[in-house]
Amino acid sequence: MKIKYYGTAAAEGFPGMFCSCEVCEKARALGGRNIRTRSQTLIDGKLLIDFSADTYMHVINYGLDLRKVEAVLITHSHDDHLYPPDFLYRKPGYAYFPDLPDGKPTAVPIYSSHITGEAVRHLIADTELDECGAFRWEKLSPYKPAKVLDYTVTALEANHAKQLDPFIYIIQKGDSTLFYGHDSGYYSQRVWDYLETAKPYFNFVSLDCTGILQPYRDGHMGVEACSDVRERFLALGVADEKTVFCLHHFSHNGGLVHDDLVPLAHAQGFRVSYDTAEYEF
């Protein structure tokens with residue numbers, strides 16, 4: 001399995017679009033990996049996780065090829081993770097598919113919880129995105145493995161904006177399993193109970209580190225909480241010394257740009273995501 005991070009920032013971007021704090025100014029001055037767009041990830045070139053307001057930027061500047069995306073998982077409906085208006089542009093008149101029979105595509109499934117999917121369902125109903133072969137919506141239920149393309153996807157409840165019924169995901173294909181924990185604070189007891197009972201083995205773990213140096217544990221996490229998650233994963237046996245743990249989804253409120261975070265994270269056994277980072281496992 002291959003994961004590619006296209007966007008690695010929290011909602012305001014990094015640097016924040018209106019912000020002149022010391023951390024944002026340092027990110028602007030350094031450039032490169034210190035510049036982060038809103039969260040989006042691609043698995044094996046075909047399974048997209050989240051459809052942020054920066055998706056088109058990822059297409060133009062980072063080479064994201066939406067024409068090859070076969071399914072979309074949505075974590076929750078904050079607009080740095082879900083921006084439904086752009087789904088319209090897969091409709092005829094905006095997009096053409098001359099190589100397909102009758103020029104009509106197959107509707108790409110969008111998976112989420114019922115509440116998170118409300119905006120998507122309304123858009124599909126109002127604009128007939130399903131009838132024209134653009135998109136269709138599919139409900140996922142927590143703790144119930146579902147077949148998505150050639151992956152087994154298990155949604156778990158996230159500790160984040162609970163009124164939106166947000167999800168984090170376990171994604172398994174063959175011998176490779178990914179834990180994708182965004183956006184979420186430290187996990188509920190129900191999540192820990194599931195992991196202890198199901199005993200998945202994670203090759204790659206992507207953890208919310210929005211707070212970086214901040215002691216975030218509710219809604220988001222910082223490095224300290226991520227370290228606690230790592231130790232508990234190791235103790236449960238769902239990860240081991242071969243598992244790659246990667247920090248992801250950062251805010252300037254965390255106090256460190258990428259270049260300053262990397263040595264701190266490496267010392268605690270973590271890699272650090274950046275826009276366009278790729279890992280294979």
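How many of the residues making up region 113-152 are out of contact with any strand residue (DSSP E or B) (no Cβ under 7 Å at 6 or more places or on another chain) and under 19 Å from Glu70 (Cβ atoms)? So the count comes out to 5.
Residues in region 92-118 that are small (Gly, Ala, Ser) and in contact with a Gly (Cβ under 8 Å, 6 or more places away or on another chain): Ala107 alone. Among the residues of region 100-114, not a single one is closer than 26 Å to Thr37 by Cβ, touching a Pro at 6+ places or on another chain (Cβ under 6 Å) and assigned to a loop (DSSP other than H, G, I, E, B). Contact map, region 73-87: residues that are free of Cβ contacts under 8 Å to residues at least 40 places away in the same chain and among the aromatic types (Phe, Trp, Tyr) paired with residues that are part of a helix (DSSP H, G or I) and surrounded by fewer than 24 Cβ atoms within 10 Å (Cβ to Cβ), Cβ distance under 9 Å, separation 6+ or inter-chain. Pairs shown: Tyr83/Thr55.
Go through region 196-241 and count every residue that is free of Cβ contacts under 8 Å to residues at least 60 places away in the same chain and in contact with an Asp or Glu (Cβ under 7 Å, 6 or more places away or on another chain). Result for region 196-241: 5. Total residues in region 45-95 satisfying the condition of being among the aliphatic types (A, V, I, L, M), assigned to a loop (DSSP other than H, G, I, E, B) and closer than 19 Å to Leu207 by Cα: the figure is 1.
Selection within region 96-123: residues that are without any contact (Cβ under 8 Å) to a residue 24 or more places away in the chain and farther than 30 Å from Ile170 by Cα. The member of this set that is surrounded by the most Cβ atoms within 10 Å (Cβ to Cβ) is Phe97.
Does region 29-41 contain at least one residue that is over 17 Å from the mean Cα position of the chain (by Cα), part of a helix (DSSP H, G or I) and of a type in the set (Gly, Ala, Ser)? Within region 29-41, one or more residues are over 17 Å from the mean Cα position of the chain (by Cα), part of a helix (DSSP H, G or I) and of a type in the set (Gly, Ala, Ser). When we screen Tyr151, Tyr186 for residues that are aromatic (Phe, Trp, Tyr), crowded, with 19+ Cβ neighbours inside 10 Å and closer than 21 Å to Met1 by Cβ, the only hit is Tyr151.
Determine whether Ala119 is part of a helix (DSSP H, G or I), of a type outside the set (Ser, Thr, Tyr), closer than 21 Å to Ser39 by Cβ and in contact with a Leu (Cβ under 9 Å, 6 or more places away or on another chain). Yes.
Read-outs throughout are calculated quantities, based only on the coordinates presented, and are distinct from any laboratory measurement. None of the values given here were measured: they were computed from a predicted structure. With ideal geometry, Cβ positions are generated from the backbone for all residues, glycine too; neighbour counts draw on all protein chains shown.
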